[in-house]
1. The conditions are (1) surrounded by 10 or more Cβ atoms within 10 Å (Cβ to Cβ); (2) farther than 27 Å from T6 by Cβ; (3) modelled with pLDDT of 80 or more, and M40 fails exactly one of them. Which is it?
2. Could you list, in sequence order, the residues of region 32-48 that are touching a helix residue (DSSP H, G or I) at 6+ places or on another chain (Cβ under 8 Å) and part of a helix (DSSP H, G or I)?
3. Among the residues of region 72-92, is there at least one that is at pLDDT below 90, surrounded by 10 or more Cβ atoms within 10 Å (Cβ to Cβ), over 19 Å from the mean Cα position of the chain (by Cα) and small (G, A, S)?
Amino acid sequence: MTVKTTVTLSEDLLRYAEKLVEDGHYPSISSVIEAGIAQMIENETPAVGPTTADPLDGMGDEIRRRLELPRDQWIPLDNDTMFEEIEAMVQKLSKAN
């Protein structure tokens with residue numbers, strides 16, 4: 001059963017939805033909104049506020065995990081040459097990949 005309703009979108013969201021329709025990804029703006037809600041249901045993501053997860057939570061967990069490593073696994077860095085050492089490590093890792 002389809003029910004007609006009215007929604008209010010920000011200008012940015014409306015332009016994005018119109019672009020999706022214009023590019024042929026969806027037949028109508030209603031379809032864009034339906035797809036978004038269906039995706040939230042599929043992912044079991046609650047629609048509370050613009051963002052429900054704090055991206056820094058994961059970073060905090062990673063920092064705590066690394067702090068629990070034994071000291072001999074820490075990378076020693078001299079304050080005077082720290083950035084040069086980090087750059088060298090990054091270059092070494094990028095060459096290995």
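The values are calculated or read from the model by the stated rules, or taken from the named source; none is laboratory data. Just so it is clear, the model here is predicted, and its values are computed rather than measured. Note that each Cβ is placed from the backbone with ideal geometry, even for glycine, and that neighbours are counted across all protein chains shown.
1. (2)
2. Residues satisfying the conditions are V32, I33.
3. The answer is yes; a qualifying residue exists.
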